[in-house]
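Reviewing the structure listed below.
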Amino acid sequence: MQLLFWLRNMALGIQVSAVLIAQFQLDVDLPLLPVTFILAGVATFNIVTGMRLARGAVDTERGILLEILVDVAALTGLLYFTGGSTNPFTVFYLLPLTLAAQMLPRRKMWVVAVIAATCYTGLLKFHVPLTSVIDSHDVMMRLHVVGMWTTFLLSAVLIVYFVARMRDRDVELNAAREAMLRDQRVLAIGTMAAGAAHELGTPLTTIGVLAKELMDQYSDHKMLVEDLTVLQRQVDACRGTITNLLASAQQTRFGAVAARPVTEFVNDVIGKWRLMRPAASCDCRVILPGRAPTVATDETLGQALMNLLNNAADASGNKVEVEARWTADSATIDVMDRGPGFPEEMLESAGNAFFSTKEPGSGRGLGLFLARAAVDRIGGELQFLRREGGGSIARLLVPTVTERGASS
């Protein structure tokens, strides 16, 4: 309805300009009284449409059909008094037909097409001839040239607008389809993960008990006790991960988030990661001094950063670098490595599907896929770049929020 309103304004402007040019520049003797009456009626109708839109009128198929048929009727009336089918502005019939094809279902679209075709056919025989044009070949040619020029401009605008709109719609549909498929995969993975968490609870508890008993039994073997201590920490970390997973699955609101300073979030995740990979080293740098902005975080975002750290460590022999910086709108977290890096042709596809650059059997790309899904869910962005000097950069862009803008 909004589109019809503005296009009708544009058409009125073109029609009024055409009448003025024909009457005063081309010396065409037009029946100004009926033409002015029709244009005034269309303007009044459009004012009513604008008032309805201002009151929040809802689009309906019947309402849109009525709006388009009013335009067809008004155009037919104008053409009837200005030469009928000999008027070069008969191409204006394409406008309501194009709008009907874009906005209405097939049956109502054919209604508009049949009515427009009937009106155009009737104008072949029934119309008021422009006697001044018929008597002057020069005036007829000038009117025809101006009409062709005007209709070309209108056609060009309509073609560009609707083709661009259809292209944008295709892009939006493809993005929505990919998001739906990704959500379905994430849901399936989450369901399997919840089941696996229940099953892993018992063996992890058993391993923890056995490690504790072995530590008590062989307390005089220092190296063995150190190894068993590392094993105990790993078991505790796994059990903590499972506990958090089950707690997240039981939340009544899946999208619950907590507002935290970005540096606190990064340091917390790196601390948990170091417990999981004690042999790995991480050089964490904050580029901008001062107070760090607040970002909306949840368990899945932490897992996403954890996956990026693990991939970087696997690629570069347990050596990882992390940089954090921010602007007023977003915080940027770069996870960098000195591994082989991503091939150029795979930078865009990384994380969109189960994609991995590891040796066959050692990686399935699940970590990157889940990381991208988690980042997209909070309105962030995950980018993969090639690093100067070798290696890759996983760039996590997270929008900043106010303390009131997040819920916990």
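The values are calculated or read from the model by the stated rules, or taken from the named source; none is laboratory data. Please read these numbers as outputs of a predicted model, since none were measured by experiment. Note that each Cβ is placed from the backbone with ideal geometry, even for glycine, and that neighbours are counted across all protein chains shown.
Structural remarks
- The lone criterion from (1) modelled with pLDDT of 90 or more; (2) surrounded by 18 or more Cβ atoms within 10 Å (Cβ to Cβ); (3) over 27 Å from residue 20 (Cα atoms) left unmet by residue 110 is number (2).
- Region 310-327 - residue that is crowded, with 18+ Cβ neighbours inside 10 Å and in contact with a strand residue (DSSP E or B) (Cβ under 6 Å, 6 or more places away or on another chain) and, of those, farthest from residue 281 (Cα to Cα): 324
- So residue 257, is it within 27 Å of the chain's Cα centre (by Cα), surrounded by 13 or more Cβ atoms within 10 Å (Cβ to Cβ) and either at pLDDT below 85 or of a type in the set (Phe, Trp, Tyr) (or both): yes
- The lone exception for residue 44 - which of (1) modelled with pLDDT of 90 or more; (2) in contact with a helix residue (DSSP H, G or I) (Cβ under 6 Å, 6 or more places away or on another chain); (3) hydroxyl-bearing (Ser, Thr, Tyr) it fails: (2)
- Residue match in region 87-104 (condition: modelled with pLDDT of 85 or more, out of contact with any helix residue (DSSP H, G or I) (no Cβ under 8 Å at 6 or more places or on another chain) and either part of a helix (DSSP H, G or I) or within 21 Å of residue 166 (Cα to Cα) (or both)): no
- Checked against the criterion of being among the aliphatic types (A, V, I, L, M) and either touching a residue at least 60 places away in the same chain (Cβ under 8 Å) or outside any helix (DSSP H, G or I) (or both), region 27-35 contains one or more residues that satisfy it.
- Residue count for region 274-295 satisfying the condition of being among the aliphatic types (A, V, I, L, M) and closer than 30 Å to residue 229 by Cβ: 4.
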